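Okay, structure first, notes after.
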Amino acid sequence: PEAHKGCAGASKVNVSVLKSQAKVVDTIDVEDISEKAVLCRCWRSKNWPYCDGSHNDHNKQTGDNVGPLIVKKEK
Ligand code: FES
């Protein structure tokens, strides 16, 4: 895409999650979410696809500002 032209420093977002797969796709059934699900968006979690707090280290080391997606059920 145009936006990535000249993006010489482009690097992979995913460094360790399920690298044997051609594409990482996860499915969570809404019915399986009891109260909320906290989903990783930084690709550093050791408990993929759920957030394990690894984004804090990533943000500290890189100056990034990423965090999880929280899916909540209404009470
Ligand atoms: Fe990736 Fe929290 S560990 S968003």
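Measuring nothing but protein heavy atoms, the accessible surface of the chain at 1.4 Å probe radius is 50 percent carbon and sulfur.
What ranking, highest mean first, results for peptides 26-38, 43-55, 59-71 when packing means the other Cβ atoms within 10 Å averaged over each residue?
Ranked from most to least packed, the peptides come out as 43-55, 59-71, 26-38.
Heavy atoms of the protein chains alone define the surface here; on that basis the chain has 83 Å² accessible area per residue at 1.4 Å probe size.
Dividing the summed -39500 (n - 2.57) terms of all DSSP H runs of n ≥ 4 by the residue count of the chain sets its mean residue ellipticity at 222 nm at -3500 deg cm²/dmol. For the pair Q61 and V24, label points projected 7 Å from Cα toward Cβ lie 1.4 nm apart.
The values are calculated or read from the model by the stated rules, or taken from the named source; none is laboratory data. Computed from a predicted model, the values in this text were never measured in an experiment. FYI the Cβ positions are ideal-geometry reconstructions off the backbone, even for glycines, and counts take in every protein chain you see. The accessibility values were calculated without ligands, DNA or RNA, using every heavy atom of the protein model including side chains. Shrake-Rupley method; radii C 1.70, N 1.55, O 1.52, S 1.80 Å.
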